[in-house]
Amino acid sequence: MLIEMWTDYACPFCYIGKRRLEEAIKQVDHKIEVVYRCFELDPTAERDISDSIYEKLAKKYGMSLEQAKLNCNNMEEMARESGLDYQFDTMKLTNTFDAHRLTLYAKTQGLMNEMAERILHAFFTESKHIGDHSTLIDLAVEIG
């Protein structure tokens with residue numbers, strides 16, 4: 001079975017969904033291949049964004065900073081339930097186009113799944129700048 005997962009590295013729901021899908025696959029006795037498809041939530045995003053995630057969400061959805069922080073706290077709890085550790089306070093917002101390009105290159109090397117996981121972990125847990133080319137090179141080297 002082939003599962004195509006449309007995802008963006010800036011989407012907290014996508015990483016949680018990826019982890020939940022992996023757990024579900026472990027529960028079935030069937031050969032399943034997962035292919036990640038690129039989808040930019042905000043293709044107009046700049047490479048270097050000075051706003052925090054809270055400021056960005058507050059502006060985008062017309063809410064207060066406190067409401068944005070509460071929403072992120074709820075998302076952090078959902079992530080923890082899936083074994084993930086989100087660090088919204090130190091997250092570096094960016095354009096994800098080049099991260100997607102790197103994942104497609106990794107696919108040609110048979111390393112798409114590893115690259116997707118590494119980029120997601122770098123962004124949500126390690127607060128790495130996944131729009132920065134030197135960061136992406138370092139991540140690619142790590143996975144081979």
Legend entry - Subset of the stretch 43-60 [in contact with a Lys or Arg (Cβ under 8 Å, 6 or more places away or on another chain) and either part of a loop (DSSP other than H, G, I, E, B) or charged (D, E, K, R) (or both)]: ILE49, ASP51
Inset, instruction - Could you please tell me which pairs satisfy a Cβ distance under 7 Å, a separation of 6+ or placement on different chains, a first residue in the stretch 3-22 that is under 13 Å from ALA116 (Cα atoms) and basic (Lys, Arg), and a second residue that is modelled with pLDDT of 95 or more and loosely packed, with under 14 Cβ neighbours inside 10 Å? - result: ARG19/GLY83
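MET78 - would you say it is surrounded by fewer than 18 Cβ atoms within 10 Å (Cβ to Cβ), assigned to a loop (DSSP other than H, G, I, E, B) and of a type in the set (A, V, I, L, M, F, W, C)?
no
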Inset, instruction - Hey, could you check the stretch 48-60 for residues that are within 16 Å of THR90 (Cα to Cα) and of a type outside the set (A, V, I, L, M) and say which is surrounded by the most Cβ atoms within 10 Å (Cβ to Cβ)? - result: TYR54
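Looking at the stretch 108-136, which of its residues are part of a helix (DSSP H, G or I) and more than 17 Å from the chain's Cα centre (by Cα)?
Those that are part of a helix (DSSP H, G or I) and more than 17 Å from the chain's Cα centre (by Cα): THR108, SER134.
Within the stretch 23-42, take every residue that is outside any loop (DSSP other than H, G, I, E, B) and surrounded by 14 or more Cβ atoms within 10 Å (Cβ to Cβ) and give me the one that is modelled with the lowest pLDDT.
TYR36
Restricting attention to the stretch 1-16, report how many residues are surrounded by 15 or more Cβ atoms within 10 Å (Cβ to Cβ) and assigned to a helix (DSSP H, G or I).
4
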Legend entry - Subset of the stretch 61-72 [in a helix (DSSP H, G or I) and either touching a strand residue (DSSP E or B) at 6+ places or on another chain (Cβ under 6 Å) or surrounded by 12 or more Cβ atoms within 10 Å (Cβ to Cβ) (or both)]: LEU65, GLN67, ALA68, LYS69, LEU70, ASN71, CYS72
Inset, instruction - State all residues of the stretch 14-41 that are farther than 19 Å from LYS107 by Cβ and basic (Lys, Arg); if no residue qualifies, say none. - result: ARG19, ARG20, LYS26
Inset, instruction - Considering each residue of the stretch 85-102, count those that are closer than 15 Å to TYR15 by Cα and either of a type outside the set (D, E, K, R) or assigned to a helix (DSSP H, G or I) (or both), and give that number. - result: 7
Inset, instruction - Scan the stretch 100-122 and give yes if some residue there is out of contact with any helix residue (DSSP H, G or I) (no Cβ under 6 Å at 6 or more places or on another chain), on the phi > 0 side of the Ramachandran plot and surrounded by fewer than 18 Cβ atoms within 10 Å (Cβ to Cβ), otherwise no. - result: yes
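The values are calculated or read from the model by the stated rules, or taken from the named source; none is laboratory data. What you see is a predicted model, and the numbers here were worked out from it, not measured in a lab. Because the Cβ atoms are built from the backbone with ideal geometry, glycine has one as well, and the counts that use them run over all protein chains shown.
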